[in-house]
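The values are calculated or read from the model by the stated rules, or taken from the named source; none is laboratory data. Keep in mind it's a predicted model, so treat the numbers as computed, not measured. FYI the Cβ positions are ideal-geometry reconstructions off the backbone, even for glycines, and counts take in every protein chain you see.
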Amino acid sequence: MEIFLAEYLGFCYGVKRAIKIARENADGKSCTLGPIIHNPQMVDRLKSEGVGVVENLADLKEGTIIIRSHGVGPQVYEEAENINLKVVDATCPFVKKAQLSAKKLVEEGYQVVIIGEKNHPEVKSIFEWSDKKAIILETEEEAKQLSSCQKLGIVSQTTVSGERFRKIVEQLLEKSSEIKILRTICTATDQRQAAALELAQKVDVMLVIGGKNSANTTRLAQLCKKYCTTYHIETAEELTPEWFNEVEKIGITAGASTPDWIILEVQEKCQTILEK
Ligand code: SF4
């Protein structure tokens, strides 16, 4: 039996950067606005190092508020300033690009469409930067039903799959004579998805490691399921020896918000199970 790791897996550039920024500000008075990444184990570790979490700005009376990689709308910066909080911005530069693209398109008179998940915090932040004027589309069906308009500007959630983006854009091409497409998908997502798909076709079982609340990890698991038995786990404790009965090859991948130490623990526990 063999274990294979996907060519690209785990922490992406934006997450590494956000955690580094949070650690640099770990003084016991700093909090992130919402969990810094969708990984409960990492959030707990940061808490023990002196970076707390608040859900609302009003919950922090003083100190530093750290904006997580998903970003927030412009009003949050204003609100923080009004209540004299220091703002440390760990918004991923790729998310920032999507936010500012939406803002610019609105200023240029485009009806902005965001391709992404309506309830995802990153999409909400891009929506806020569009002055709340964007239309959020999740499916091809929704795109088909969109009314025509003069100028259409398209941006996307950074973690949308390239395939979904293409299919929705195809539906939108008929909707306007002037369309500006800004494919604000980040390469980390594409790389992880392509590497996971490649591996899923070569193994009997895939383990996808990452927060159950992580959109990009859930997407990886959905993609892998098309090719082989796939288990989405958060930690090594969830591994069950029965999963590996009559299995020759095990593939491992992890979402962009999964820490290296958890990937290593899963790898080691798999090894132990296989050696028994
Ligand atoms: S997945 Fe991409 S956009 Fe999202 S935080 Fe990572 S690098 Fe940034």
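Quick look at the numbers
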| read-out | value |
| --- | --- |
| Residue in region 114-121 that is among the charged types (D, E, K, R), surrounded by fewer than 18 Cβ atoms within 10 Å (Cβ to Cβ) and within 16 Å of the ligand (Cβ to nearest atom) present | yes |
| Out of S130, S156, S148, S101, sole residue that is outside the structural domain of G73 (by TED's automatic domain parsing) and surrounded by fewer than 20 Cβ atoms within 10 Å (Cβ to Cβ) | S148 |
| Odd one out for E128 among (1) more than 15 Å from T91 (Cα to Cα); (2) touching a Pro at 6+ places or on another chain (Cβ under 7 Å) | (1) |
| Subset of region 250-262 (residues that are in contact with a strand residue (DSSP E or B) (Cβ under 9 Å, 6 or more places away or on another chain), within 19 Å of R45 (Cβ to Cβ) and more than 16 Å from the ligand (Cβ to nearest atom)) | I262 |
| Test set (1) of a type in the set (A, V, I, L, M); (2) under 23 Å from G10 (Cα atoms); (3) surrounded by fewer than 15 Cβ atoms within 10 Å (Cβ to Cβ) - V203 fails condition number | (3) |
| Candidate set: region 54-77, residues that are of a type in the set (S, T, Y) and not in a strand (DSSP E or B); chosen: the one nearest to the chain's Cα centre (by Cα) | S69 |
| Residues of region 159-193 classified as charged (D, E, K, R), more than 22 Å from the chain's Cα centre (by Cα) and surrounded by 15 or more Cβ atoms within 10 Å (Cβ to Cβ), total | 2 |
| Enumerated strands (runs of 3 or more DSSP E) restricted to region 146-225, each holding at least 2 residues that are within 13 Å of the ligand (Cβ to nearest atom) | 151-156 |
| Subset of region 79-120 [more than 19 Å from R17 (Cβ to Cβ), within 18 Å of the chain's Cα centre (by Cα) and in a loop (DSSP other than H, G, I, E, B)] | G116, E117, K118, N119, H120 |
